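The values are calculated or read from the model by the stated rules, or taken from the named source; none is laboratory data. Remember, predicted model here, so these are calculated numbers, not experimental data. Cβ: placed from backbone, ideal geometry, glycine included. Neighbour counts: every protein chain shown.
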Amino acid sequence: MRLPVLASLLLAAACLGGPILPKPVQVNQIMDAPATNIRGAKVEADPAFAATAERLRAQLGTGGTTTVQLVKATGPVRGFEVGEEGYVIEAHPGQPVRIHARTDAGAFYGIVSLQQHAYTGNDGGTYVPPGDVMDKPRFAWRGLMIDDGRHIMGKAQILRMLDLMALHKLNTLHWHLTEDQGWRVEIKKYPKLTEVGSKRDASPTMGNRNKPDGKPYAGFYTQEDLKEVVAYATKLHINVIPEIEMPGHAAAAIAAYPHLGNTDIPGYSPKVATSWGVKYYTFAPKEETFAFIDDVFAELCPIFPNAFFHIGGDESPKDQWNKSPFAKEVMAKEKLKNAHELQSYFISRVEKLLNKRGKRLVGWDEIQEGGLSKTATMMVWRDWKWAQLAADHGNNIVMAPTSHTYFDYGQGKHPENPAFDNIGGNLTVEKVYGFEPIPPKFTEAQRKLVLGCQAQLWGEYIYNPAKQEYMAFPRACALAEVAWSENKDRSWAEFQPRLEAHLKRLDALKVNYRRPDGTPAVTEKVGRGE
Ligand code: ACM
C-alpha cells in the first residue's frame, strides 16, 4: 500500500527534527527548557480544523500524556498576524502544544512544520523544542507545473507529487493535460480525443532526439481519475488548475477531430505529433471550434473547483491562419489587422466561455499578442518585459520564467545513461534559490499583482516518475522557499545545510532526487518504459 508522504515520514523515518523548509518567518527558542513529548498526545481542535486534527491524530497515535490543541485565531497571535495560510506553533513547558491558525490551510501548514521541527528522542518520544514558530507565506500561488502531454506519469505518481508538494507547502498544481503529442483527458462528448488523440506512433529516441523510436505511446486520465486527484489535492490544500492548450499545441485534438483545424490550407493532414518542438497545426477560428472548446469546458470546469483555468496560448504559429482563406475572412469581418490580433480575438472568445462558467482565464505570456484582455492572468515564461506590460495594464501575473523555473533544463553533471538527457541549459539549485519573482521595476501597487511563482516540469525528457523526481528535486525545495519565505530572509549559504538536512527526509520517502554529484538518490532507471 502506498502511504501518504506526511504519514510515512512519521512512521518510516520517525521525526528527523532539523530545520523547517521552507524557512519560517520566525523561530523563537526558549533556552534551558524541556521539549514537549507529543507522541500519542491527545488532539483537541476547533471544529474548523477537524480534517487536520484527524491527520495529526493518525500521525501521533495514542497513549501519551500531553495535549496538542489546534486553535482558531481571531486576531494576532503573540503579535503576529497569521493571515490566510499562516500559523503559530507554541510549545511552552507544562502547557499543551498549540497551533494557532485562521484557516484549516494554516493549521495544516502548522502540522507540516511541526513534523519537521519535532525530533525523535532516545526514548522513542516525539519532542517539540520549546519556543514558538511564527509563519506565513509570501505568495498565494506556489506552484508546480506537470506536463503529462509529452509523457503521462499516471495517477499514482501525480498523487505522490501532491504529497511532496504539500511537504514543501506548494499549493498549486498546474496540470498540463493536452499537447501536440497527446490529449490526456477523457471528454465524454468527444471520444476520439482519447481514442485517437491520446496515442502517437512514435517518440523521439532517448539520447537521439532526431530519430523516431518507432514505438507506439499512449495514455490518458479518465474523469474519475481527475476527480480522485482533485479530491486528494483538496485535502492537502492544493489547488489543481488544468491546462487545455489552444490555439496552438493542439495537433492531437485536431488529429482526432480534423474539422476543428484550418482545413482549407494546402496539404491539410493533421496527425498526433511524434517529435518535440513547436508544431504547425492550430485550431481554426471558427464557430465549431468555439463550440467544441465550450463543450470541453462544460465537462472539465465542474471537476476543477479552483477559479483559475489555464488555456495555454503559447507558441501558436500564425502560418496556417495566414494561409487559410477562412481565417482571413474572420480577420476581415472582425476588422483585425493581422493574425496576432486574431490570436487576441480567439483568446477573448475563450475567456468569455470561461467567465460564463465562473472561471478566470490564465494563459502563457503570448496571450498579450494582439492585445491583452483586462481580466486575464498572465503566466510569464519568456522575457520579463511581458510582466511589465501586464502590470502596466493592471493584470495579475504568475512568474514562471525560463531563467529560473524551467526544471526541464539541465542541472549539471548526470550519469552517462541517455535517459538522463534533458532539453539543455543549466539551471542549478543555487540559481533557482536566487530567483526573485517580483520584477525590479515594479511599483508598490504593481508588486501586489504578482500572485506568485511556479516551477515547470516540461515532459519531453521526463520519461517516467523516477526521472520526474530527478528533475524536480532538490530544485523544487529551493523554489518552495522562494515562493514561501521573504526575500530578505533568504541566503544561499544558510540554505545549503538546511537543504542537506531536508534531503534526509526525501531519503526516507525514497525520492529519486539529484544528489550534488549528479547521481540519482534511488535509481538510474529513468527511461521510457522503465
Ligand atoms: C512554454 O514553455 N511554451 C510555455
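Looking at 307, 327, just one residue is over 25 Å from residue 241 (Cα atoms), aliphatic (A, V, I, L, M) and touching a residue at least 40 places away in the same chain (Cβ under 8 Å), and that residue is 327. For the condition in contact with a Phe, Trp or Tyr (Cβ under 7 Å, 6 or more places away or on another chain) and not in a strand (DSSP E or B), residue 227 does not qualify. Of all residues in segment 404-427, at least one satisfies being within 18 Å of residue 141 (Cα to Cα), of a type outside the set (A, V, I, L, M) and not in a helix (DSSP H, G or I).
Within the set 340, 310, the sole residue that is assigned to a helix (DSSP H, G or I) and under 28 Å from residue 402 (Cα atoms) turns out to be 340. Being within 16 Å of the ligand (Cβ to nearest atom), within 26 Å of the chain's Cα centre (by Cα), of a type in the set (D, E, K, R) and not in a loop (DSSP other than H, G, I, E, B) is the requirement here; does residue 366 meet it? Here the answer is yes, as residue 366 does meet what is asked.
Only strands (runs of 3 or more DSSP E) whose full extent lies in segment 119-202 are considered here, and the ones with at least 2 residues that are over 15 Å from the mean Cα position of the chain (by Cα) are 126-128, 131-135.
Scanning segment 375-390 for residues that are more than 12 Å from the ligand (Cβ to nearest atom) and either part of a loop (DSSP other than H, G, I, E, B) or surrounded by 24 or more Cβ atoms within 10 Å (Cβ to Cβ) (or both) turns up 375, 376, 383, 384, 387, 390. Check whether at least one residue in segment 262-272 is within 16 Å of the ligand (Cβ to nearest atom), in a loop (DSSP other than H, G, I, E, B), out of contact with any strand residue (DSSP E or B) (no Cβ under 8 Å at 6 or more places or on another chain) and touching a residue at least 60 places away in the same chain (Cβ under 8 Å), and report yes or no. Within segment 262-272, not a single residue is within 16 Å of the ligand (Cβ to nearest atom), in a loop (DSSP other than H, G, I, E, B), out of contact with any strand residue (DSSP E or B) (no Cβ under 8 Å at 6 or more places or on another chain) and touching a residue at least 60 places away in the same chain (Cβ under 8 Å). For residue 367, which of the numbered conditions (1) surrounded by fewer than 23 Cβ atoms within 10 Å (Cβ to Cβ); (2) within 30 Å of residue 318 (Cβ to Cβ); (3) among the β-branched types (Val, Ile, Thr) fails to hold? Failed condition: (1). Whether a residue is away from the ligand (no atom under 16 Å from the Cβ) and under 20 Å from residue 134 (Cα atoms) was assessed, and residue 483 passes this test. Pairs meeting the criteria (first residue in segment 381-394 and free of Cβ contacts under 8 Å to residues at least 40 places away in the same chain and at negative phi, second residue within 16 Å of the ligand (Cβ to nearest atom) and assigned to a helix (DSSP H, G or I), beta carbons under 7 Å, at least 6 apart or on different chains) are 382/365; 382/402; 386/365; 386/368; 389/368. Of all the listed residues (247, 216, 242), the sole one being exposed (fewer than 15 other Cβ atoms within 10 Å of the Cβ) and either at positive phi or at pLDDT 95 or above (or both) is 216. Are any residues in segment 431-476 of a type in the set (A, V, I, L, M, F, W, C), over 15 Å from the mean Cα position of the chain (by Cα) and in a helix (DSSP H, G or I), and if so, which ones? Within segment 431-476, 432, 445, 466 qualify. Out of curiosity, is residue 361 part of a loop (DSSP other than H, G, I, E, B), buried (at least 22 other Cβ atoms within 10 Å of the Cβ) and either within 16 Å of the ligand (Cβ to nearest atom) or modelled with pLDDT of 95 or more (or both)? When the stated conditions are applied, residue 361 does not pass them. Counting only residues that are in contact (Cβ under 8 Å) with a residue 24 or more places away in the chain and outside any helix (DSSP H, G or I), segment 488-514 holds 6 of them.
Note on segment 395-416: among residues that are without any contact (Cβ under 8 Å) to a residue 24 or more places away in the chain and away from the ligand (no atom under 13 Å from the Cβ), the one that is surrounded by the fewest Cβ atoms within 10 Å (Cβ to Cβ) is 416.
A quick yes/no check of all residues on (1) closer than 15 Å to residue 370 by Cβ; (2) within 16 Å of the ligand (Cβ to nearest atom); (3) under 26 Å from the mean Cα position of the chain (by Cα):
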| position | (1), (2), (3) |
| --- | --- |
| 291 | no, no, no |
| 295 | no, no, yes |
| 302 | no, no, yes |
| 305 | no, no, yes |
| 314 | yes, yes, yes |
| 318 | yes, yes, no |
| 341 | yes, no, no |
| 345 | yes, no, no |
| 349 | yes, no, no |
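Within segment 76-115, the residues that satisfy the criterion of being in a loop (DSSP other than H, G, I, E, B), crowded, with 21+ Cβ neighbours inside 10 Å and either in contact (Cβ under 8 Å) with a residue 40 or more places away in the chain or among the β-branched types (Val, Ile, Thr) (or both) are 82, 85, 86. Of all the residues in segment 409-444, those that are in contact with a His (Cβ under 8 Å, 6 or more places away or on another chain) and more than 14 Å from residue 515 (Cα to Cα) number 6. What number goes with the only condition from (1) free of Cβ contacts under 8 Å to residues at least 40 places away in the same chain; (2) within 30 Å of residue 484 (Cβ to Cβ); (3) surrounded by fewer than 23 Cβ atoms within 10 Å (Cβ to Cβ) that residue 129 does not pass? Unmet condition: (1). Applying the criterion of being of a type in the set (A, V, I, L, M) and within 24 Å of residue 298 (Cβ to Cβ) to the residues of segment 232-241, the residue that is farthest from the ligand (Cβ to nearest atom) is 233.
Does at least one position in segment 470-480 carry a residue that is hydroxyl-bearing (Ser, Thr, Tyr) and in contact with a strand residue (DSSP E or B) (Cβ under 8 Å, 6 or more places away or on another chain)? Yes, segment 470-480 contains a residue that is hydroxyl-bearing (Ser, Thr, Tyr) and in contact with a strand residue (DSSP E or B) (Cβ under 8 Å, 6 or more places away or on another chain). Just one of the listed residues (254, 244) is within 16 Å of the ligand (Cβ to nearest atom) and either of a type in the set (Val, Ile, Thr) or part of a strand (DSSP E or B) (or both), and it is 244. Evaluate the following for residue 367: is it among the β-branched types (Val, Ile, Thr) and either closer than 30 Å to residue 231 by Cα or in contact with a His (Cβ under 6 Å, 6 or more places away or on another chain) (or both)? Answer is no for this residue.
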